[in-house]
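Visitor: What follows is a structure written as structure tokens; I'll ask about it next.
Values quoted throughout were computed directly from the atomic coordinates according to the rules given, and no laboratory measurement underlies them. Since we're looking at a predicted model, the values are computed, not measured. Glycine also receives a Cβ, built like all others from the backbone with ideal geometry; neighbour counts cover every protein chain displayed.
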Amino acid sequence: MSLSLVTQNLEPNSAKSAPDAGILYRGNPSALPKRRRVELQCQKCGSTDLRKVSLVYRDGLSQMKSRSRLVGLLFGAQGPGIVTGTSVKQGVLQRELSKSLNPPAKWSFTKLDGASFVLTCLALFGYIVFASASAPPVSTLPVKLYVFLAPVAFLFVTIATWRHNHLVYPRAYNEWDRSFICQRCGTISSHNT
Ligand SMILES: [Zn+2]
């Protein structure tokens with residue numbers, strides 16, 4: 001029994017091709033991820049300890065969510081509402097961290113409408129000030145200019161917004177999705193994976 005076991009153990013060692021193939025097969029899977037990690041190297045400090053920005057961002061978001069649920073705070077886009085104790089520092093830290101890692105944002109048409117409303121109000125206010133300051137036959141030229149220019153400006157901004165959302169945003173998002181943050185020095189670089 002023992003003798004046959006020994007010969008079985010010795011047999012592959014004496015036959016040269018068999019163990020070589022075994023070692024190659026066992027060596028390959030561990031060699032592959034090593035080579036991939038070497039490719040992902042920080043361009044500044046050379047550290048290979050890189051993390052995907054999108055993952056760090058999502059981590060930060062879910063951490064913020066779970067923490068706010070735990071402590072009973074609401075973390076909106078504007079930041080923490082009511083803040084107590086140690087959660088302050090962490091909340092601010094998370095916010096600072098995710099600010100630099102934020103994905104590119106689409107331009108919103110709602111904001112655009114809001115901005116044009118504010119602009120119209122300002123223009124109206126400006127005209128009232130202008131009218132009350134000038135002599136009785138008040139020029140209607142500013143009104144005519146506004147009536148003509150406002151739709152042109154609005155159309156221009158609408159086209160710019162559409163262009164940003166359909167051409168610039170996807171490219172920027174893709175770039176963000178390919179970027180990695182160095183865990184040592186914090187440099188953000190992009191890599192193809
Ligand atoms: Zn680095």
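Visitor: Run the numbers for THR161 and SER134: contour at 0.36 nm per residue of separation, minus the present Cα-Cα distance, in nm. Could you put the intermediate results ahead of the total?
Guide: Details: separation 27, 0.36 × 27 = 9.72 nm, distance 3.79 nm.
Answer, rounded to one decimal: 5.9 nm.
Visitor: Note down the net charge around ASN165, summing +1 for each Lys or Arg and -1 for each Asp or Glu among other residues with Cβ under 13 Å from its Cβ.
Guide: Details: positive: LYS106, LYS111, ARG163, ARG171; negative: none.
Once positives and negatives cancel, what remains is +4.
Visitor: Then there is this: Ranked highest first by average number of other Cβ atoms within 10 Å, how do 56-63, 162-169 line up?
Guide: 56-63, 162-169
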